[in-house]
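Coordinate-derived values only; no laboratory data. Quantities reported herein were computed from a predicted structural model and do not represent experimental measurements. Cβ atoms come from the backbone with ideal geometry, glycine included; neighbour counts cover every protein chain shown.
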Amino acid sequence: MRYTFQDSTALPLQRDFIQDLNDFIGTAKKVIPLENSAIELSEDESEEVTSLEARILGLDKFSKDVQAYVDELSRDARDKEILECRNAIMDACIMTSTRELKNLNQKLEFIRNDSESGLYDIEKEILATLNPLFRSGIYGATNRYHVLMKEGLLRGTMTAIFSGMEYTSDLTYAHDTLTVKEAYGDLSLPAWTKSGLIHKENRVKMVDVSDYLVSSVNYDGIDHINATFETKKKDQQFQVSCSDGNCQVMFGDTDITSDETLVRSLKMGNIEGLMSELRKYVELFIRSQTLTQIMLDGRDAVRNNEVFDCLKLIAQQYGEIIRESTERGYVKNEITIKVESSDGTRTEKYITKQEAFDRLSEIGSEGLELASILGLD
């Protein structure tokens, strides 16, 4: 597929922008009410907690004041009757205040736990609602990948950074385990060995590493990548690190690339090919992607009710494309793109500005603010 504006200028990102815009609006309509409910729950909890904490402090102070007052009145008393009355008052005050303080603290703990449970459920729902939008990729984000063989299964995380926002997703891959051969093909590495019947001499031999498993991959999403490969028994491994067109290859404790003899037997083109395929694999062969956290300026955006601020950042990116679409389009109140299939078939997709505005306005003030950022008003 090839995506262009109406005047056939290629879109800055080759994506179906109309679908992305519809998905963005749909997500906003679901997630903003969820965040508002979290805000309301937090405010209700804060009011109840503040009230209970004031009652606890008040009761504790009252109990101490009563005891201090009675103690002061009876300081010089010697009569048995007065002392018994003093003790009865003190005991009753301590017993009652202790009982009521316990009840109030239990109620306080219940409110906090109940609120935390409710917020946790809302936060999970917010992340699940945002997952499709973030899974498709935020325009302009830089993705970093960390893949690890854990408990015999290949699993990963993707961390994406965009304009002060950072979000993390858990990944599963098309293969539970991945060998060098499956990722790239046959591969052998040079290594030193001793041979000879009488006099043992160091010689170079080629070791087939095609069946080694990928045990870890770190890829910055731009250029740098390093990976570790090991046998099923985990008794042998090799590592490759590539950056700026240069690769280092370690076989066990031996740096092949710094050994003048071994490096002559190393087919660097195969190493570069392997790492190129690994880059593609960690980016494209994702079976599932689950959003786990969104950070905004170093703070948990979901926990701190800043998801709307994240949506505004995304809307700014979309707004730039909408403005360019309007400038390059023939109908000024429409956002239009052209889609060219591999067989040469061309179609147009569009959404009117009014339709997009109306859908967002249903959310309320937040929707109107997003519409303004998108340039729909």
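At-a-glance table
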item: Peptides 282-292, 180-190 ordered by average Cβ neighbours within 10 Å, highest first; result: 180-190, 282-292
item: Förster radius 22 Å - calculated FRET efficiency between residue 148 and residue 243, Cβ distance, rounded to 0.05; result: 0.65
item: Fewest-first sequence of 147, 66 by Cβ atoms within 10 Å of each Cβ; result: 66, 147
item: Sparse-neighbourhood loop sites, trypsin sites (Lys or Arg not before Pro) in segment 315-377 - DSSP loop, at most 16 other Cβ within 10 angstrom; result: 332
item: Compactness relative to 2.2 N^0.38 Å, alpha carbon Rg of segment 255-339; result: 1.96
item: Potential lengthening between residue 55 and residue 347 on full extension [0.36 nm per residue; Cα-Cα distance subtracted]; result: 98.3 nm
item: Gained length - residue 99 relative to residue 175, 0.36 nm times residue gap less alpha-carbon distance; result: 21.3 nm
item: Karplus-derived 3J(HN,Hα), 6.51/-1.76/1.60, for each residue of segment 4-10, Hz, glycine and proline x; result: 9, 6, 5, 8, 6, 6, 5
item: Segment 175-284, relative contact order [Cα under 8 Å, separation at least 6], %; result: 22
item: Euclidean distance between Cα centres, segment 273-292 to segment 138-163, Å; result: 8
item: Gain in span if fully extended, residue 263 to residue 69, counting 0.36 nm per residue against the direct Cα distance; result: 60.8 nm
item: Candidates 217, 302, 339, ranked by Gaussian network fluctuation over the chain, Cα under 10 Å, top entry; result: 339
item: Free-standing Cys residues across the chain, given no other cysteine C-beta under 4.7 angstrom; result: 85, 93, 310
item: Distant-in-sequence amide H partners of residue 209 (H built 1.01 Å from N, under 5 Å); result: 187, 188, 189
item: Relative exposure of 123, 151, judged by other C-beta atoms within 10 Å (fewest first); result: 151, 123
item: Dipole magnitude of the chain about its Cα centre (Cβ charges: Lys, Arg +1; Asp, Glu -1), debye to nearest 20; result: 1520
item: Residue-averaged 222 nm ellipticity for the chain, from DSSP H runs of 4+ at -39500 (n - 2.57), nearest 500; result: -16500 deg cm²/dmol
item: Using θ = phi - 60° and Karplus 6.51 cos²θ - 1.76 cosθ + 1.60, couplings along segment 161-176 (whole Hz; Gly, Pro as x); result: 10, 7, 6, x, 9, 9, 10, 10, 10, 7, 10, 10, 10, 4, 10, 6
item: Inter-probe distance in nm under a simple model that places probes 7 Å from Cα toward Cβ, at residue 372 and residue 84; result: 7.7
item: Cross-link partners of residue 280 among lysines (Cα-Cα below 20 Å; sequence separation of 8 or more within a chain); result: 181
item: Spin-label model distance (nm) - residue 277 vs residue 236, 7 Å beyond Cα toward Cβ; result: 1.9
item: Segment 1-57 versus segment 214-272: alpha-carbon centroid distance in Å; result: 43
item: Residues 162, 251 arranged by fewest to most Cβ contacts within 10 Å; result: 162, 251
item: Cα gyration tensor shape of the chain, rounded if a/c is under 1.5, else prolate or oblate by comparing a/b with b/c; result: oblate
item: Largest to smallest principal axis extent of the C-alpha atoms in segment 37-135, angstrom; result: 81, 15, 15
item: Protection proxy ranking of 129-139, 71-81 - average other beta-carbon atoms within 10 Å, highest first; result: 129-139, 71-81
